[in-house]
Amino acid sequence: MMNKVKNILWPLLFGIAFLALWQMGYVHKVLDLKPFQLPVPLEIVQTLHANLPKAIKDCGVTLSGAFIGMMIGSAIGFMIAVIATIFPKWGYGGLIIITAFNAMPIVALSPIMNLYFSTGMAQKIGVVTIVCMAAMAMNAYSGLNTLKPYSMDLMHSVAAERWVIFKKLRLPNCMPNVFTAFKINVAASIIAAIISEYFATSTAGLGFGIKDNLRKAEMAMGWSYIVVASLAGVLIYIVILLLERNVIKWHASQR
Amino acid sequence: MAFILKYVVKSEMASVKLPFLHTIFITMFQNAGMLLEASAVTFSRALLGFAIGAVIGVVLAILMSLSKTLERIAFPYLIISQMIPVLGLAPIIFNIVRDMNLSRIIIAAYITFFPVSVNMLSGLKSVDQEKKELLYAIAASKFNVYRKLMLPYAMPYLFTGLKIAAPMAVTASILVDMLGSKSGIGVKMLYSLYSSSMDIFWASVITSAILGIVSYYLVINAEHFFLPWQSGKEGETA
Amino acid sequence: MSETQIQVKDVSMVYTNNAGEKINALDSVSLDIKEGEFISLLGPSGCGKTTLLRIIADLLQPTDGEIIIDGQSPRDIRIKQEYGIVFQQPVLYDWRTVRRNICLPMEIMGVPKKERTSRIDEKLDLVGLKDFGKKYPFELSGGMQQRVGIARALALNPKYLLMDEPFSALDEFTREKLNEDLLEIWGKTKSTVIFVTHNIPESVFLSDRVIVLTPHPGKLAAVVDIDLPRPRRNELRDSPEFFEYVAKIRKCFQEVKM
Amino acid sequence: MSETQIQVKDVSMVYTNNAGEKINALDSVSLDIKEGEFISLLGPSGCGKTTLLRIIADLLQPTDGEIIIDGQSPRDIRIKQEYGIVFQQPVLYDWRTVRRNICLPMEIMGVPKKERTSRIDEKLDLVGLKDFGKKYPFELSGGMQQRVGIARALALNPKYLLMDEPFSALDEFTREKLNEDLLEIWGKTKSTVIFVTHNIPESVFLSDRVIVLTPHPGKLAAVVDIDLPRPRRNELRDSPEFFEYVAKIRKCFQEVKM
Amino acid sequence: STESASASETTTESSTSTDTPKEMDKMTIQLKWLPQSQFMGYYMAASKGYYEDEGIDIEILPGGSDIIPEQQVYNGVADVGVTWVSSLLKYQSQGWELKEVAQVFQKSAMLLVSKAETGITSPEDLVGKKVGSWFGGNEYEIYALLEANGIDREKDLELVQQDFTMNQILNDEIDAASAMTYNEYGLLLESGLSDADLNVLDMNDEGVAMLEDCLFVTDEWIAENEDLFVRFLRASIKGWQDACADPEAAGQVVYDADQSVSLEHQVYMAKEIAKLVTPEGFDPAKIGYIDMDAIQQTADLAYKYGLLTEPAVLDDTTITSKYFEEATK
Ligand SMILES: Nc1ncnc2c1ncn2[C@@H]1O[C@H](COP(=O)(O)OP(=O)(O)OP(=O)(O)O)[C@@H](O)[C@H]1O
Ligand SMILES: Nc1ncnc2c1ncn2[C@@H]1O[C@H](COP(=O)(O)OP(=O)(O)OP(=O)(O)O)[C@@H](O)[C@H]1O
Ligand SMILES: Cc1ncc(C[n+]2csc(CCO)c2C)c(N)n1
Ligand SMILES: [Mg+2]
Ligand SMILES: [Mg+2]
């Protein structure tokens, strides 16, 4: 219990301290910035407050796209890892293709996705999907294949079929790696969703808000959207952590 | 690919949505010089960004593994850091370093470090208790524990992270090309996209993909070089 | 209980590592094992006992020679799921509780749920881990982990039971109790058992025959038939015949080590 | 070789897992160990021997009681790098060869390079792995891995040598040889040794005193002084006094298990 | 910041610049967008050596979608910037000490283009349609157009974001698209459509024109570099004059500076740009002239339609013709 309180308290304290310094102008002093370049927290909060319903709606749009895209992308990445595990020859090609996708910047992917999808949501999901594939594929592949010595022997000794080995050995064995991938993808999916919105048809979403306002010198508004995105990111990360703690409580990292 | 083409052929904008492979390759061939030159700029910056990002990622992971408190404090903020788009970040970075070129490299590194850090940290946290106790029992210094155990143990995890980060470094480098650079694949991509030169656009996209694959192979080769025991063990566990 | 069931024919094993160096682990080992026989393998550490066991279990392909079991290949037997193996290391899956680790091979073999539960209960009791069914492997002591591995293999009632130093991490009394229990189970299931051990009295107590291997590379050094009456109880250990066998095998062993 | 050096005072250990369940592993164990003494811990599997060893080595904090060593805490001793530990599992680093695994603690203690090399050679020879120095752990048999762990601890000439079933995976002869060797080394280094084993004759052969623990939770059941002359050689094992001690301890043990 | 990529300039300049030992003043100009004929005046001046003649070592920084000229100039990445007047007014209203110092485009280049079959010939026809805008400050002329014609931008039609390609209108995903006369409109023509296939709403004709490309600086910089800036402006105006006089040549110069956009497109753009910089009846000698009436209209529209929350301050803290007059003396 004490630990749980500490888990939340420490980062919170740190955050508050940082916000205080920022509010009191020290951050600006150090970075040599004017408040109209980087607004102070209170101003951001006030702006956010005034604009809350719209911010929440925009957040919903971006997050749902990010979440769906992350799930699809992770699923595809995972599937590629599975194929690479079962059919090493084929799958290796799959991993290479994923790598190739991973080298396409979001700013190029977004207009490409605009060609394929007409709604902003579909375009966003398309972009996020591609962005999230690699981390999952690489991590899952390593988790599916780095088995403890002799654990495979046990399976072979009872002539377990491939998919049984997969289900009962490889799959649980790769769970820690899957969580690692999710931690990367939480961040990747949200930022990808945001950037895809720069180029989307739709004028909803955090990304549109950020770009539109930062361009128009509405810094407080723009940053309030960044704040919302950050909070959402941290929130999803915490959810992932809680899941992790329950799903892989047997793993060394959880002790 | 064939499937996509077939599907695309039916659509009116076929050649825009996904141009035929041969046209891309012809374009690439015709513009080979320009693309190579641009690739060199982008790739070298990617390498630099990757190197810096990887080092930062590893250092952050080590710091976070040293102290659980630090991890608790830092990790949420690392996530937050990744939520700040370049549009908002670039002016701040520039204000700190006061040099556009350096800003670009920093931004590339900033984008790259995260997967390295997460994977490395997960490796450092996966070290078996008994392996740690062996060193703890002889009061090995933290430095030695990391040098002799944690770091070698986390190497495979690190390389998984690097395999994710290497093509991302290309992405990042292309992105920072677009921050007012005058050459690089990103510049070609942007110019061609906005002037509807779709052939060149696709050629640059394919080039960036190739750069990603090259970077991936570089990491794989480094892995085989640095982790020979890894390949030995595979034979056993496979 | 008379026909040759497992034929080990001139089996050799040479390990080659990445650097191309070769380790000669087994050299032309031949052996006939009868149905329902209880065989012990003895031999100095590193002589190839585990290697031989793994070859019989089709977990490793010999570089030379072959194994024939009931006219079939080890592979066929393995596919028919007729092996039960206790590994030298416990080989438990970290993410499964003790019960679910024991359950695993039964799940794979399609043993009905109810049957599984009752077998798990029975075998947990046998190895003295009744209260630890819900624990994870990392919560167990070394010997307890090993016992889970034993329970797992026994729960299968396998036709061929291969055991690699199953009792090495146990105290003498637990060991002797489990020796008796094992014989009792064997008496019922009529499994063919190949049992690797370093404990000479244990091998005498359990076996119909004791095989002694030489070190580097493992070769057949001696085969000792143990003509002690069955059923055997632990009192037998105090009998002079028992001592004689132990002494005899000890001698073989000593000669081998030279 | 007379003063109390290690004082185990009312040490209790209760493990609590994530679910909040408690396992009572040690209950109020008290024990005085003299400088240079060779002590064996005996007890049924899961009784807390490893737990006690780990508490003494400062790898685990007892939930109650304390350990005082030479007037200091285990932590102080650990910081002074005076422990050498042989773990129950071999605990080798996969990425290091046998030699470099043995070398590891010496590197950390700053033993000069030349000295390291000669100690590695010596200890490799001792455990019979001369030809395996360049191999990686996965190329070794179970017993060979365990011997690497032994060589690694012995190479340190530690003031306090804690050994957790070091010889359990070895054949009787290797074991008996290493028993003698260990005594010889101990005679020279004057280490204080705490030795966990399941082998009663081994404990008698090696120890000045044998400690027997009860199961669940581990409590002190008996302390048996072994008044056999030193230096001891393997011939001693055939002497009646030896048998007497073995029988006596076996009896203690049997009572404990009830 | 020294750019490795300044190679492109050295190729065009090297013939004249290698043997000039004279001490040169370094100066940097931040464009609002990619290197293209939209900025031909500066490229022309650079290529003809006008900057050099004024003792200026010029560096031209391209823009892009993640680059905001106001921020670049304010932060000191560049000395002078090109931006749209409305955008600059907004930054000024937020406290950024930036000052407009020359007005290069005298007209708005903003169009709403639609395919002829959609039948959008007047603003009223936009009702019920999907209309594209780049937003980020580029939407206010459209707002003005709509509201001036009594159309509610929330209810009567759907405003969607355009990426910077013209694919959406080509794909019929939107009915009308924002387009600059000099760029996007040309892209549509190049994609096979003809003038006859397209309907156009021109902001100038609709009376809602807002001024675009202007030059601006920070107060701080200009205070110390008055003379340098005047020299820069003089050279730039000369460049623009040459470019407007011979757009074909200007297109070629820009094309030489950056190869990735086709020559035809650069030439097309150059011709259109010439019409904005020197509209019919405009004296080329006055290129850069600040027409305060037009500025006032821009400011009024910006305030009226919500870009600005209070009327713009138009005095010599925000805009000045002083240097223009100096340069054209
Ligand atoms: N995977 C492997 N690669 C290379 N060599 C191996 C491998 N496994 C075993 N060996 C070698 O083969 C020989 C026999 O090993 P094995 O494990 O069969 O011995 P063992 O008789 O079971 O010994 P122990 O009683 O110590 O378990 C040893 O010399 C060992 O070094
Ligand atoms: N990390 C742990 N978490 C929870 N319980 C543990 C843990 N380690 C040991 N235990 C429990 O503590 C008790 C004693 O374990 P310990 O390892 O000390 O036994 P041991 O005497 O060394 O047994 P063995 O001879 O089998 O190695 C056991 O019941 C075990 O389940
Ligand atoms: C973020 C952003 N979006 C749109 C424009 C509008 N715009 C003005 S000039 C130009 C290029 C050539 O037409 C474009 C697209 C801009 N400047 N910045
Ligand atoms: Mg073995
Ligand atoms: Mg133990």
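The values are calculated or read from the model by the stated rules, or taken from the named source; none is laboratory data. As the structure is a prediction and not an experimental result, all values here were calculated from the model. Neighbour counts run over all protein chains shown; Cβ positions are idealised from the backbone, glycine included. Calculation scope for accessible area: heavy atoms of the full protein, side chains included, ligands and nucleic acids excluded. Shrake-Rupley method; radii C 1.70, N 1.55, O 1.52, S 1.80 Å.
Going by the conditions given, is D:G48 away from ligand 1 (no atom under 16 Å from the Cβ), at negative phi and under 17 Å from the mean Cα position of the chain (by Cα)? Judged against the criteria, D:G48 is not a match.
Going through (1) more than 13 Å from chain D (Cβ to nearest Cβ); (2) within 16 Å of ligand 4 (Cβ to nearest atom); (3) over 20 Å from C:N179 (Cβ atoms) one by one, C:V91 falls short only on (1).
When B:L211, B:L179 are checked against the criterion of being open to solvent by 10 Å² or more (accessible area, probe 1.4 Å), touching a residue at least 12 places away in the same chain (Cβ under 8 Å), closer than 24 Å to B:F113 by Cα and within 12 Å of chain A (Cβ to nearest Cβ), a single residue qualifies: B:L211.
If you go through region C:205-250 and keep only what is more than 20 Å from C:E172 (Cβ to Cβ) and surrounded by fewer than 13 Cβ atoms within 10 Å (Cβ to Cβ), you end up with C:D225, C:D227, C:P229, C:R230, C:P231, C:P240, C:E244. Look at (1) out of contact with any Ser or Thr (no Cβ under 6 Å at 6 or more places or on another chain); (2) at the interface with chain C (Cβ under 10 Å from one of its Cβ atoms); (3) away from ligand 5 (no atom under 16 Å from the Cβ); (4) open to solvent by 10 Å² or more (accessible area, probe 1.4 Å) and you find that D:N199 fails only one, number (3).
The set of residues in region B:190-207 that are under 16 Å from E:Q36 (Cα atoms) and either more than 9 Å from chain E (Cβ to nearest Cβ) or open to solvent by 20 Å² or more (accessible area, probe 1.4 Å) (or both) comprises B:S196, B:S197. Against the definition (surrounded by fewer than 23 Cβ atoms within 10 Å (Cβ to Cβ) and more than 16 Å from ligand 4 (Cβ to nearest atom)), how does D:I56 come out, yes or no? Against the criterion (surrounded by fewer than 23 Cβ atoms within 10 Å (Cβ to Cβ) and more than 16 Å from ligand 4 (Cβ to nearest atom)), D:I56 does not qualify.
Yes/no per residue for (1) part of a loop (DSSP other than H, G, I, E, B); (2) within 16 Å of ligand 5 (Cβ to nearest atom); (3) within 14 Å of chain A (Cβ to nearest Cβ); (4) open to solvent by less than 20 Å² (accessible area, probe 1.4 Å):
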residue	(1), (2), (3), (4)
E:W96	yes, no, yes, yes
E:S114	no, no, no, yes
E:I120	yes, no, no, yes
E:G137	yes, no, yes, yes
E:L145	no, no, no, yes
E:D172	yes, no, yes, no
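Within region B:220-229, not a single residue is facing chain A (nearest Cβ under 8 Å) and either assigned to a helix (DSSP H, G or I) or touching a Pro at 6+ places or on another chain (Cβ under 8 Å) (or both). For A:P105, the criteria (1) buried (at least 21 other Cβ atoms within 10 Å of the Cβ); (2) out of contact with any Leu (no Cβ under 9 Å at 6 or more places or on another chain); (3) free of Cβ contacts under 8 Å to residues at least 40 places away in the same chain hold in every case but one, which is (2).
For every residue, the table says whether it meets (1) at the interface with chain A (Cβ under 9 Å from one of its Cβ atoms); (2) without any contact (Cβ under 8 Å) to a residue 60 or more places away in the chain; (3) open to solvent by 40 Å² or more (accessible area, probe 1.4 Å); (4) within 25 Å of the chain's Cα centre (by Cα).
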site: B:F29; (1), (2), (3), (4): no, yes, yes, no
site: B:L35; (1), (2), (3), (4): no, no, no, yes
site: B:G53; (1), (2), (3), (4): no, no, no, yes
site: B:G57; (1), (2), (3), (4): no, no, no, yes
site: B:S65; (1), (2), (3), (4): no, no, no, yes
site: B:F75; (1), (2), (3), (4): yes, yes, no, yes
site: B:S81; (1), (2), (3), (4): yes, yes, no, yes
site: B:V86; (1), (2), (3), (4): yes, no, no, yes
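Among the candidates D:L183, D:L156, single out the residue that is surrounded by fewer than 22 Cβ atoms within 10 Å (Cβ to Cβ), within 17 Å of the chain's Cα centre (by Cα) and within 23 Å of D:T50 (Cα to Cα). Of D:L183, D:L156, the one residue that is surrounded by fewer than 22 Cβ atoms within 10 Å (Cβ to Cβ), within 17 Å of the chain's Cα centre (by Cα) and within 23 Å of D:T50 (Cα to Cα) is D:L183. Residue pairs whose Cβ atoms lie under 9 Å apart, sitting 6 or more positions apart in sequence or on different chains, and linking a residue in region E:200-227 that is in contact (Cβ under 8 Å) with a residue 40 or more places away in the chain and on the phi > 0 side of the Ramachandran plot to a partner that is open to solvent by less than 50 Å² (accessible area, probe 1.4 Å) and within 16 Å of ligand 5 (Cβ to nearest atom), do not occur here. Residues that are surrounded by 20 or more Cβ atoms within 10 Å (Cβ to Cβ), of a type in the set (D, E, K, R) and within 20 Å of the chain's Cα centre (by Cα): does region E:220-240 have at least one? Yes, there is a match, as at least one residue in region E:220-240 is surrounded by 20 or more Cβ atoms within 10 Å (Cβ to Cβ), of a type in the set (D, E, K, R) and within 20 Å of the chain's Cα centre (by Cα).
Looking for whichever is out of contact with any Lys or Arg (no Cβ under 9 Å at 6 or more places or on another chain) and either assigned to a helix (DSSP H, G or I) or more than 14 Å from chain D (Cβ to nearest Cβ) (or both) here; the options are C:I55, C:I108. Which one fits? Step through it out loud before you land on a result.
Details: C:I108 fails: out of contact with any Lys or Arg (no Cβ under 9 Å at 6 or more places or on another chain).
Only one candidate passes the filter, namely C:I55.
Inspect region B:147-169 for any residue being within 30 Å of D:A57 (Cα to Cα), aromatic (F, W, Y) and either surrounded by 20 or more Cβ atoms within 10 Å (Cβ to Cβ) or in contact (Cβ under 8 Å) with a residue 24 or more places away in the chain (or both) and give the result as yes or no.
Applying the first criterion (within 30 Å of D:A57 (Cα to Cα)) to region B:147-169 yields B:147-155.
Keeping just the survivors that are aromatic (F, W, Y) gives B:153.
Right, trim to either surrounded by 20 or more Cβ atoms within 10 Å (Cβ to Cβ) or in contact (Cβ under 8 Å) with a residue 24 or more places away in the chain (or both) and you get B:153.
Yes.
Answer yes or no: is there a residue in region C:93-110 that is under 30 Å from C:P201 (Cα atoms) and open to solvent by 20 Å² or more (accessible area, probe 1.4 Å). Within region C:93-110 (the criterion being under 30 Å from C:P201 (Cα atoms) and open to solvent by 20 Å² or more (accessible area, probe 1.4 Å)), the answer is no, since none of the residues qualifies. Residues that are within 29 Å of B:L193 (Cα to Cα), more than 9 Å from every other protein chain (Cβ to nearest Cβ) and not in a loop (DSSP other than H, G, I, E, B) within region E:62-94 comprise E:P69, E:V73, E:V80, E:G81, E:V82, E:T83, E:W84, E:V85, E:S86, E:L88, listed in sequence order.
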